[in-house]
Amino acid sequence: VIISGSDDVNATSPAPAIDGTALTRRLEQLGQIGRTAERGLTRLALTEADRDGRDLLTAWMSELDLDVEIDAIGNIYGTWHSGGGKPVMIGSHIDTVVNAGIYDGAYGVLAGLEVVAALRRAGVQPRIPLTVAAFTNEEGVRFTPDMMGSLVVAGTLSLEEAYAALDADGVSVGRALNEIGYRGRSHPTEHAPQLYLELHIEQGPVLHDEGIRIGVVEGVRGISWQRLVIHGEANHAGTTPMHRRVDAGHAAARIQVFLRDLASSNGTLHATVGSIALEPNAINVIPGEASITVDLRDTEDRLLTEAERQLATYCRQLEEEIGVAITSRRLARFAPVVFARDAVDQVEAAAKSRGLPVRRMTSGAGHDAQMMAAVAPTAMIFVPSVDGVSHSPCEHTVPEDIVNGANVLLDVTLGAVTSLPPAPNA
Ligand code: HGY
Ligand code: MN
Ligand code: MN
């Protein structure tokens, strides 16, 4: 149980407060790493760009006199060893999608650094350790499953399975970690905290549309990722009669329309075909093969399972109708999670005590918090995304909201590190 407020901030020192200028400066500086003219800001997990971002983050952690540790899956931990026992952890990720914004993930990690700096400025002496964490491969764009680093901390994915994951060029996570020099020693499961807090941009339109400043996140939707490979028959685009075609591209298009109709008819389902590849991908050749990814999200596990079932049934129907063969490979599957009531209540209380308009909500995006909820009381704080846009260079959050969110994170953290009893180490 976290009792908010703290008797450790002595009366004379100023109340802890976030330095918004410092936070914005770090966001912009990290936001330059991995930026190219062709692909905008792209720091895919375990690439050289990710390595450069990691190097900057660990340098900042050292400047703050945090003890920097890298675990065996490459998660980065900066710890203020004050008091004893398992830490309070502020975490998120610094890997990005392709042509990303500068806030997704980085905001939560860099706000953690500013929380440390603010507590130090106010002369706070935490009774328990405080760790700022950046988890490996949250996005899952290069390697699946996503949320990989936190999944290994939670013990849901073994190190061996994580190391064996391959990218499109057949490079493994284990090899990529070695190549960027971020394969540490400690086992990730040793890093489970006693409380996990994550500050993140909402990445959706709810707070923006309603004019709310802080989202009190009660849980995260379930996620189902799969790759469908559709085998048809390559043939001549000019000579082959329509009724004689086994067109893999046609089947792929039918699946996209089916999923769109399934999602629009079923109130809470979100369905996305994010990538599609046709072979041989030539203007005058009927595609012999199509490979598509399917991302399904829903609020209840039974709804997600039903959507998966309906898609599988439709694929069988297409096989009959067109003559294609369709195989599915599961890439990730996470049930919806609900966060710990106490921790969620603390977030709401902290936002309200700052007079910020708040609302409770569920996250449509996946987060490391979704995994950490399995091993520690967990809560998330959202701030608005302008026009609800994210996973795009247009992703933006106004400076006032950047500071508001970080101050709420600071308040909840202050309450925890000054009142939680030291929990024994694992
Ligand atoms: O896919 C997600 O929801 C997250 O951005 N990895
Ligand atoms: Mn994120
Ligand atoms: Mn993301």
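Relative contact order for the chain: what percent, with Cα pairs under 8 Å and sequence separation of 6 or more?
Working: 1013 pairs, mean separation 107.3, N = 426.
Answer for the chain is 25 percent.
Are there DSSP H segments in the chain that both extend 27 Å or more along their axis (alpha-carbon positions) and score a mean Kyte-Doolittle hydropathy of at least 0.5? List them, or say none.
Sorted by number, the helices that extend far enough and score high enough are 399-419.
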Scattering from the C-alpha atoms of region 215-301 alone, worked out with Debye: what is log10 I(q)/I(0) at q = 0.16, 0.21, 0.26 1/Å? -0.69, -0.95, -1.20
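If you count only protein heavy atoms with a 1.4 Å probe, what accessible area per residue comes out for the chain, rounded to a whole Å²? Write down the numbers at each step before the final one.
Numbers: 17290 Å² over 426 residues.
The answer is 41 Å² per residue.
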For a protection proxy built on the mean count of beta-carbon atoms within 10 angstrom, sort 317-323, 185-191 highest first, please. 185-191, 317-323
Report the residue, chosen from D301, D209, D71, that carries the largest GNM mean-square fluctuation when the chain is represented by alpha-carbon nodes joined by springs under 10 Å. D209
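Work out, step by step, the length gained on full extension between H236 and N281: first 0.36 nm times the residue separation, then minus their alpha carbon distance; give nm to one decimal.
On the way: separation 45, 0.36 × 45 = 16.20 nm, distance 1.26 nm.
Once the chain is fully extended between H236 and N281, it gains 14.9 nm.
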What does the C-alpha gyration tensor say about the overall shape of region 322-422? Classify as rounded when a/c is under 1.5, otherwise prolate if a/b is larger than b/c, or oblate. oblate
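After finding the eigenvalues of the alpha carbon gyration tensor for the chain, what semi-axes result from the square roots of 5 times each, listed largest first in whole Å? The partial results should precede the final answer.
Working: eigenvalues 350, 99, 74 Å².
Rounded to whole Å, the semi-axes are 42, 22, 19.
Could you please report the charge total around N425, scoring K, R as +1 and D, E as -1 over all other residues with beta-carbon less than 12 angstrom from its beta-carbon?
Cβ neighbours under 12 Å give a net charge of 0.
Kindly rank 371-378, 238-245, 49-56, 409-416 from highest to lowest mean number of other beta carbons found within 10 Å of each residue.
Details: 371-378: 23.5, 238-245: 9.5, 49-56: 19.6, 409-416: 25.8.
The peptides rank, most packed first, as 409-416, 371-378, 49-56, 238-245.
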Within the chain, helix-based [θ] at 222 nm, where runs of 4 or more DSSP H residues each add -39,500 (n - 2.57), nearest 500: -11000 deg cm²/dmol
Check: C-alpha center region 170-239 vs C-alpha center region 306-362, spacing in Å is 12
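Between T36 and E48, 0.36 nm times their residue separation minus their Cα-Cα distance comes to what? Walk me through the numbers before you get to the answer.
Details: separation 12, 0.36 × 12 = 4.32 nm, distance 1.29 nm.
Extending this stretch completely gives an extra 3.0 nm.
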Between E321 and V386, Cβ-based FRET efficiency (R0 41 Å, step 0.05) works out to 0.40
How big is the dipole moment of the chain about its Cα centre under a simple scheme where the beta carbon of each Lys and Arg is +1, that of each Asp and Glu is -1, and everything else is neutral? Debye, nearest 20, please. 240
With +1 on the Cβ of every Lys and Arg and -1 on the Cβ of every Asp and Glu, and nothing else charged, how large is the dipole of region 250-336 about its Cα centre, in debye rounded to the nearest 20? 140
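How fast does region 336-384 diffuse by Stokes-Einstein, in µm²/s, taking the Kirkwood radius from C-alpha pairs at 4 °C and 1.567 mPa s?
Values: Rh = 11.5 Å.
Using the Kirkwood radius from Cα pairs, D works out to 112 µm²/s.
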Taking the Cα atoms of region 1-157, what is the range of coordinates along each of the three principal axes, in descending order and whole Å? 53, 36, 24
Efficiency by 1/(1 + (r/R0)^6): what FRET value for R121 and L56, r their Cβ-Cβ distance, R0 = 25 Å, to the nearest 0.05? 0.65
How large is the dipole of region 294-410 about the Cα centre if only Lys and Arg carry +1 and Asp and Glu carry -1, each at its Cβ, rounded to the nearest 20 debye? 300
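Quick one: net charge of E233's neighbours, Cβ under 14 Å, K/R +1, D/E -1?
-2
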Projected area averaged over all directions for the convex hull of the alpha carbon atoms of region 12-58, nm², comes out at 4.4
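Subtract the Cα-Cα distance of E63 and E300 from 0.36 nm times their separation in residues, and report this length gain in nm to one decimal.
Numbers: separation 237, 0.36 × 237 = 85.32 nm, distance 4.36 nm.
Using 0.36 nm per residue and subtracting the Cα-Cα distance, I get 81.0 nm.
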What nm distance separates the two modelled labels at T313 and R175, each placed 7 Å from Cα along Cα→Cβ? 4.2
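The values are calculated or read from the model by the stated rules, or taken from the named source; none is laboratory data. In this text, all values refer to a predicted model and were calculated from it rather than measured experimentally. Glycine gets a Cβ as well: all are built from the backbone with ideal geometry, and neighbour counts include every protein chain shown. Please note that ligands, DNA and RNA were not included when accessible areas were found on the heavy atoms of the full protein model with its side chains. Shrake-Rupley method; radii C 1.70, N 1.55, O 1.52, S 1.80 Å.
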